[in-house]
């Protein structure tokens with residue numbers, strides 16, 4: 001599809017550059033005339049077919065083309081799918097970043113790792129505070145989520161107010177801080193809200209989302225039930241409230257706590273400095289001090305609840321952790337639900353732990369950080385938007401929220417299910433999708449950003465599926481004679497020592513075809529390589545029904 005040039009109008013344009021049709025990579029641009037603000041800048045994790053890829057970040061071509069209009073990034077909370085791409089994007093787009101206290105603390109840690117801290121303008125924003133960015137004014141509203149200091153945004157423009165919930169839940173009894181500011185949502189609703197962009201992650205789930213404090217009661221009963229065991233709790237590093245409850249429960253039971261996993265240690269350190277977590281004196285100990293205490297008087301809080309292969313829990317389960325091993329007498333609690341796509345990895349870890357004799361608990365020790373249907377209805381009822389724009393979720397989640405909005409009386413033509421790249425243009429007189437802008441995924445592999453594309457991925461998939469066969473031979477370019485080879489080497493195709501005849505016959509075939517071509521006066525290396533590829537590919541397919549990558553290498557023996 002060709003990209004239309006987006007005209008400058010005096011209407012508000014909402015342009016999602018990611019975060020739709022998937023969980024992750026949330027980033028949305030808002031434009032009014034010569035002003036653009038960007039809400040969130042997240043990454044997503046690679047699909048199974050993205051071999052060797054570490055991270056996926058959004059394509060920001062549209063923002064780069066309009067760099068002079070971009071006033072800043074406004075961040076809702078500190079999860080990777082909302083902030084993870086910032087260090088990569090700020091390399092290309094050096095504009096200010098606005099966020100709440102803990103969110104900014106986590107962002108600054110990332111920027112420091114990428115040597116961007118000194119070059120990036122940053123401002124910590126308090127709840128209830130507004131910032132002016134060109135034609136926009138953005139107000140931060142307190143919400144609850146599975147990380148402290150999550151914010152919704154009221155985005156004021158000359159065309160009207162847009163309320164963006166960020167990721168949120170309604171928690172009347174949060175572990176840290178105050179409940180969601182429903183009063184402010186209602187006050188803004190009375191002003192007249194043009195559009196509501198609401199979190200859709202749990203839009204298929206009926207009822208209300210349970211309070212985070214319910215997990216504390218479950219943990220307390222589990223600690224009592226397993227008082228004679230060492231307890232290992234795996235959870236998300238960013239769920240500071242969950243970590244707080246684990247520490248509180250351990251302290252009440254007279255247990256010492258070890259925090260293991262680089263991201264867990266990092267976020268707890270940031271949260272402590274910002275006083276977002278309260279750790280009783282003499283509760284935390286270093287991992288090397290574990291041996292000084294009875295095992296039933298210790299708790300280990302660790303990363304790896306999603307089955308990540310390099311996380312601390314995975315290394316413990318596989319026996320590769322240098323300082324911790326798991327066995328009979330250990331109780332492992334998974335305080336999270338598998339993210340869609342991670343179920344198999346989590347199951348594998350659970351199996352490994354149980355084979356080592358550990359007691360594994362993986363049910364009813366988690367509550368979601370996202371609003372279920374009744375919470376979503378509450379926000380719609382308070383905000384009373386003219387237009388509904390579901391965000392944050394796969395297509396089925398967006399549809400589920402659209403159905404909720406329809407049930408609440410919003411007209412079908414006022415509900416917009418957007419795709420990444422769509423330009424939704426709106427004011428009080430009407431709204432419609434008007435064109436597209438460039439969008440997509442940029443793949444990060446090690447230090448390379450965007451240098452691995454579809455062609456390279458296809459090659460990696462080809463190599464992974466059928467391996468590679470390398471054919472090396474030398475030619476004297478002056479007289480067009482075969483001087484050495486051919487020699488055939490394979491990797492990931494067949495085990496050469498057990499396939500002597502196959503390799504010998506393939507070598508003879510290549511020798512005959514190359515000699516025949518040279519006798520006919522064919523000396524163009526490109527043509528010779530194609531002759532070898534075609535002949536070898538046909539032969540291998542007939543003999544093995546496999547199609548390995550075939551790579552002919554010709555050496556000029558004059559050099």
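The values are calculated or read from the model by the stated rules, or taken from the named source; none is laboratory data. Not measured: the values here are computed from a predicted model. Here the Cβ positions follow ideal geometry from the backbone for every residue, glycine too, while neighbour counts run over all protein chains shown.
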Query - Which numbered condition residue 350 fails, given (1) touching a residue at least 24 places away in the same chain (Cβ under 8 Å); (2) part of a helix (DSSP H, G or I); (3) closer than 21 Å to residue 222 by Cβ; (4) touching a helix residue (DSSP H, G or I) at 6+ places or on another chain (Cβ under 9 Å) - result: (1)
**Report entry** Within region 516-529, tally of residues that are closer than 12 Å to residue 554 by Cβ and part of a helix (DSSP H, G or I)
**Finding:** 7
Query raised in the report: Which numbered condition trips up residue 238, out of (1) within 21 Å of the chain's Cα centre (by Cα); (2) in a helix (DSSP H, G or I)?
Result: (2)
**Report entry** Number of the condition not met by residue 402 [criteria: (1) more than 25 Å from residue 146 (Cα to Cα); (2) free of Cβ contacts under 8 Å to residues at least 24 places away in the same chain]
**Finding:** (1)
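Going by the conditions given, is residue 421 over 15 Å from residue 163 (Cβ atoms) and crowded, with 17+ Cβ neighbours inside 10 Å? Spell out how you get there, then give the answer.
Working: over 15 Å from residue 163 (Cβ atoms): yes; crowded, with 17+ Cβ neighbours inside 10 Å: yes.
Yes: the conditions hold for residue 421.
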Report task. List every residue pair whose Cβ atoms lie under 8 Å apart, where the two residues are 6 or more positions apart in sequence or sit on different chains, the first residue falls within region 117-133 and is over 16 Å from residue 103 (Cβ atoms), and the second residue, located anywhere, is assigned to a loop (DSSP other than H, G, I, E, B) and at pLDDT below 95. Result -> 119/94
Query raised in the report: Does region 414-434 include one or more residues that are closer than 22 Å to residue 169 by Cα and assigned to a helix (DSSP H, G or I)?
Result: no
Report task. Take residue 436 and decide whether it is at pLDDT 90 or above and farther than 29 Å from residue 45 by Cβ. Result -> no
Query raised in the report: touching a residue at least 40 places away in the same chain (Cβ under 8 Å), part of a helix (DSSP H, G or I), in contact with a strand residue (DSSP E or B) (Cβ under 7 Å, 6 or more places away or on another chain) and within 23 Å of residue 248 (Cβ to Cβ): does that describe residue 290?
Result: no
Query raised in the report: Are there any helices (runs of 4 or more DSSP H) wholly within region 15-104 with 3 or more residues that are assigned by TED's automatic domain parsing to the domain that holds residue 392 and under 19 Å from residue 421 (Cα atoms), and if so which?
Result: 61-65
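Suppose the filter is in the same structural domain as residue 162 (by TED's automatic domain parsing), within 24 Å of the chain's Cα centre (by Cα) and within 21 Å of residue 18 (Cβ to Cβ); does residue 115 pass it? If you could, list the steps in order and put the result at the bottom.
Numbers: in the same structural domain as residue 162 (by TED's automatic domain parsing): yes; within 24 Å of the chain's Cα centre (by Cα): yes; within 21 Å of residue 18 (Cβ to Cβ): no.
No.
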Requested in this report: Please indicate, with yes or no, whether at least one residue in region 489-507 is assigned to a strand (DSSP E or B), in contact with a helix residue (DSSP H, G or I) (Cβ under 8 Å, 6 or more places away or on another chain) and in contact (Cβ under 8 Å) with a residue 12 or more places away in the chain.
Outcome: yes
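Being touching a helix residue (DSSP H, G or I) at 6+ places or on another chain (Cβ under 7 Å) and either surrounded by fewer than 16 Cβ atoms within 10 Å (Cβ to Cβ) or in a loop (DSSP other than H, G, I, E, B) (or both) is the filter here; which residues of region 306-324 pass it?
First, the residues of region 306-324 that are touching a helix residue (DSSP H, G or I) at 6+ places or on another chain (Cβ under 7 Å): 306-308, 313-314, 317-318, 321, 323-324.
Listed by number, the residues that qualify are 306, 307, 308, 318, 321, 323, 324.
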Report task. Give, as residue ranges, the strands (runs of 3 or more DSSP E) completely inside region 126-234 that count at least 1 residues that are under 21 Å from residue 19 (Cβ atoms). Result -> 130-133, 136-142, 151-157, 160-164, 193-197
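Do the conditions hold for residue 337, that is, is it free of Cβ contacts under 8 Å to residues at least 24 places away in the same chain, out of contact with any strand residue (DSSP E or B) (no Cβ under 7 Å at 6 or more places or on another chain), in the same structural domain as residue 243 (by TED's automatic domain parsing) and not in a strand (DSSP E or B)? Step through it out loud before you land on a result.
Details: free of Cβ contacts under 8 Å to residues at least 24 places away in the same chain: no; out of contact with any strand residue (DSSP E or B) (no Cβ under 7 Å at 6 or more places or on another chain): yes; in the same structural domain as residue 243 (by TED's automatic domain parsing): yes; not in a strand (DSSP E or B): yes.
No.
Based on what the data block shows, is residue 343 surrounded by fewer than 17 Cβ atoms within 10 Å (Cβ to Cβ) and either within 27 Å of the chain's Cα centre (by Cα) or modelled with pLDDT of 90 or more (or both)?
Numbers: surrounded by fewer than 17 Cβ atoms within 10 Å (Cβ to Cβ): yes; either within 27 Å of the chain's Cα centre (by Cα) or modelled with pLDDT of 90 or more (or both): yes.
So residue 343 fits the description; yes.
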Report summary line: Of (1) buried (at least 24 other Cβ atoms within 10 Å of the Cβ); (2) within 25 Å of residue 70 (Cβ to Cβ), residue 169 satisfies every one except (2)
Query raised in the report: Just checking, how many residues over region 384-413 are in a strand (DSSP E or B) and under 19 Å from residue 155 (Cα atoms)?
Result: 5
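To keep it simple, each residue is scored yes or no on (1) over 26 Å from residue 418 (Cβ atoms); (2) surrounded by fewer than 16 Cβ atoms within 10 Å (Cβ to Cβ); (3) modelled with pLDDT of 95 or more.
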position	(1), (2), (3)
194	no, no, yes
198	no, no, yes
207	yes, yes, yes
214	yes, yes, no
235	yes, no, no
238	yes, no, no
**Report entry** Test result for residue 141, modelled with pLDDT of 95 or more, touching a strand residue (DSSP E or B) at 6+ places or on another chain (Cβ under 6 Å) and either outside the structural domain of residue 102 (by TED's automatic domain parsing) or over 17 Å from residue 70 (Cβ atoms) (or both)
**Finding:** yes
Query raised in the report: Residues in region 358-365: is at least one over 25 Å from residue 213 (Cβ atoms), free of Cβ contacts under 8 Å to residues at least 24 places away in the same chain and surrounded by fewer than 19 Cβ atoms within 10 Å (Cβ to Cβ)?
Result: no
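Out of contact with any helix residue (DSSP H, G or I) (no Cβ under 8 Å at 6 or more places or on another chain), touching a residue at least 40 places away in the same chain (Cβ under 8 Å) and under 29 Å from residue 428 (Cα atoms): which single residue out of 188, 141, 180, 155 fits that description? Even if it seems obvious, please write down each step before you answer.
On the way: 188 fails: out of contact with any helix residue (DSSP H, G or I) (no Cβ under 8 Å at 6 or more places or on another chain); 141 fails: out of contact with any helix residue (DSSP H, G or I) (no Cβ under 8 Å at 6 or more places or on another chain); 180 fails: touching a residue at least 40 places away in the same chain (Cβ under 8 Å).
Going through 188, 141, 180, 155 in turn, the sole match is 155.
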